[in-house]
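Working notes, beginning with the structure itself.
Every number in this text was worked out from the coordinates using simple rules, so none of it is lab data. The structure displayed is predicted, hence computed values, not measured ones. Here the Cβ is made from the backbone with ideal geometry for all residues, glycine too, and neighbour counts use every protein chain on show.
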Amino acid sequence: MKESEARETIEKLRREIEEHNHRYYVLNNPVISDFDYDLLLIELDTLEKKFPSLITGESPTQRVGSDLKNEFRQYDHRYPMLSLGNTYSEDELRDFTDRVEKTAGGPVEYVCELKFDGASISMTYKNGVLLRALTRGDGTKGDDVTMNIRTIRSIPLRVKGENIPDEFIMRGEVLMPRAVFERLNNERIKCDLPAFANPRNAASGTLKLLNPRMVASRELDCMFYFLLAEELPHETHFDNLMNAMKWGFRVSDNIRVCRGIEEVMSFINSWESERKKLPYDIDGVVIKINSLALQEELGYTAKSPRWAIAYKYKAEQVSTKLLSVSYQVGRTGTVTPVANLEPVFLAGSTVKRATLHNEDQIALLGLHVNDMVYVEKGGEIIPKIVGVDHSSRNENSREIEFITSCPECATALVRNEGEANHYCPNYLHCPPQLKGRIEHFVSRKAMDIDGLGEETVDLLFKNKLIRNYADIYNLRTEQLIPLERMGEKSAINIVNSINNSLAIPYNRVLFALGIRHVGETVAKTIAEKFRSIDKLIGASLEELTSIREIGPKIASSIISFFADEDNILIIDRLKSYGVKFSEDGNKEPVSDRLKGKSIIISGVFRKHTREEYKEIIENNGGRNSTSLSANTSFILAGEEMGPSKKEKAAELGIPLLSEDEFLKLIGEE
Ligand code: IVH
């Protein structure tokens, strides 16, 4: 490969890996399995090793992914939070122990631990008291999630015992037990919220919630595996962990000191099957050098210690028969092929279906109906077919012909050049697209209309009561009551909720319209720049793309949405019902009691949410600020306000107002 080609491939891989990092760390919604992710990283690493001049400090091979979010205050890690080198192969593990033993000049003690699959956390304790808990962030600095961490019962807020350093850091993994995860997902599905892909995503998503009460209700757990301090009580990792356990930290019982690779392998092999009996997920075993002196001698690479390695278990695979392929049409018209499989048990549940993504994926697998296929559960909930057992193919096998017309409305399918998916262009009449748009319109983050879940929308659609989202505003209780499983009370609730949706602000209405590529954030930006729908309808491509966050893809999608006469008619009807299609003028403050005041909101509240307090401050002419300084007027202090903030406020002489005092100040109580 020429250097120019390598550069191109390297850049492509980096972009792809960054995108997966973002999905994994920030969105908590990975679309590929850890194994496939590791393969991408290995491919990049191999290429970079061949062309070392192309390595930059920004490459994902040189730094860890980042989970940082704007909503949290960030602090530097006293010691960087590195990741671990990992392997799926026994040979590579043997290379690791050989290398280590060569450096040591003889046999070495290893500590084998379970590799917990959750979200890592780093907690600083000062004089025995929990001071701060940070997420891994970008490895250098992390998000301050102390308030959330304090709700986890297995985390000591204060430690007691012998040999406790004045200041130390304890690192561990925040976990969601599988049983809690399943219960949470069932509840979310009932409320029309997206399910978490796995307990790891649920745990890290929970750590980033802004409401500690909600965190507390999710029953997280934590396992600790790494003690750091300027001076540690013992000379081995194992003894330090055992000491920390005596101080009150939850350290796993399943830790073994192993002498030599054979003992390490037997630990790994026994946990490969035993892990299914644990209440939470592990994805491998971590092997660490026990002696701190030898750890120091081995040192670190830019990204991980040379004194530890993770051996990862491959995702479980089973083989089963592909019975048929069916096709699903989504809200935006995308057609997804789905494999119908002979039911088979895999990693805790029976699998009957697997996604096939698109036509190219089917071709890539060389898949035929009646083939025996290998199925795996990756990062997603829906399992996928990872391979075909070509040797077992017989005369019953039939090539798969991708459908040419929509299974729902028979319109000829379209596949645009450069795109992998087929889609149904019958935007206006294809039932799943119509229903999907209505479901999106009523969803919580859009118009927030209660009682209109997927089933009810389906029912209303079948009974020809609605064809588009404007029809919702014509619904009357008398029409709803006779419907299956409805009743008077639910019907009244639905109609009330529809009326309440007239108060939903313009930016959310824009999001609710379901314009392709216009998500919540883009809708907010657009609403700020084009303060009424009429201004937006009249906007040109140039005007739209002149906004920093709006590229040509979003802009042309907006233009084509409003170029459609039917959409304009629907919008006109929505306007006539009173749906908000403009910003609420120059929002006049309710009062100017807080004029000129810069106010920090901190802690947990009983009477309003933090968001509501922010609004209250703004409505009374004040400004909600996030950084504490001498310019801060006062802190609206709820319960469980962090001790460090309290300390700093006292230092600066900034007053703390309780929730009640604040409400009194603005005349609410
Ligand atoms: S030790 C410097 N021990 O795996 C190395 N990590 O891929 C410190 N993890 O960021 C990590 N179980 O979140 C260690 N027993 C264990 C672990 C463990 C899970 C996580 C941790 C780390 C990641 C590395």
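Past the 21 Å Cα-Cα mark, which pairs from Lys102/Lys288; Lys276/Lys314; Lys208/Lys314; Lys208/Lys645? Pairs exceeding the cut-off: Lys208/Lys314. In plain terms, the chain from Ala104 to Thr626 could stretch by 182.9 nm, reckoned as 0.36 nm per residue minus the Cα-Cα distance. Could you check what % of the DSSP bridge pairs in region 572-669 are antiparallel, to the nearest 5? Just about 10 percent of them are antiparallel. Using the average count of surrounding beta-carbon atoms within 10 Å as a protection proxy, the listed peptides 416-426, 221-231 rank, highest first, as 221-231, 416-426.
The calculated FRET efficiency for Leu193 paired with Asp572, based on their beta-carbon distance and R0 = 30 Å, is about 0.40. For a straight C-alpha distance cut-off of 17 angstrom, the lysines reachable from Lys607 (same-chain residues fewer than eight places away being disregarded) are Lys664. Pairwise alpha-carbon distances in region 1-76 exceed 20 Å for 36% of all pairs. List, in the order given, every pair from Lys535/Lys595; Lys529/Lys553; Lys489/Lys575 whose Cα-Cα distance in the structure shown is over 21 Å. Among Lys535/Lys595; Lys529/Lys553; Lys489/Lys575, the Cα-Cα distance tops 21 Å for Lys535/Lys595; Lys489/Lys575.
A Förster radius of 60 Å combined with the Cβ-Cβ distance from Glu668 to Lys276 puts the calculated FRET efficiency at roughly 0.65. For region 286-418, averaging the sequence separation of C-alpha pairs within contact (under 8 Å, six or more residues apart) and dividing by the residue count gives a relative contact order of 19 percent. Note: relative contact order over the chain, using C-alpha pairs below 8 Å and six or more positions apart, is 9 percent. Please say if the chain is rounded, prolate or oblate, where rounded means a/c under 1.5 for a ≥ b ≥ c the square roots of the C-alpha gyration tensor eigenvalues, and otherwise the choice is prolate for a/b larger than b/c and oblate otherwise? Oblate, because a/c is 1.5 or more while a/b does not exceed b/c. Neighbour counting of Cβ atoms within 10 Å sorts the residues Glu43, Glu484, fewest neighbours leading, into Glu484, Glu43. Annotation: peptides 494-501, 133-140, 48-55, ranked by per-residue average of other Cβ atoms within 10 Å with the highest first, follow the order 133-140, 494-501, 48-55. Counting only DSSP H runs of at least 4 residues, each contributing -39500 (n - 2.57), and dividing by the residue count of the chain, the helix-based mean residue ellipticity at 222 nm comes to -10500 deg cm²/dmol. The packing ranking of peptides 403-411, 310-318, highest mean first, is 310-318, 403-411, where packing means the average number of other beta carbon atoms within 10 angstrom of each residue.
The orientation-averaged projected area of the convex hull spanned by the Cα atoms of region 231-340 comes to 12.9 nm².
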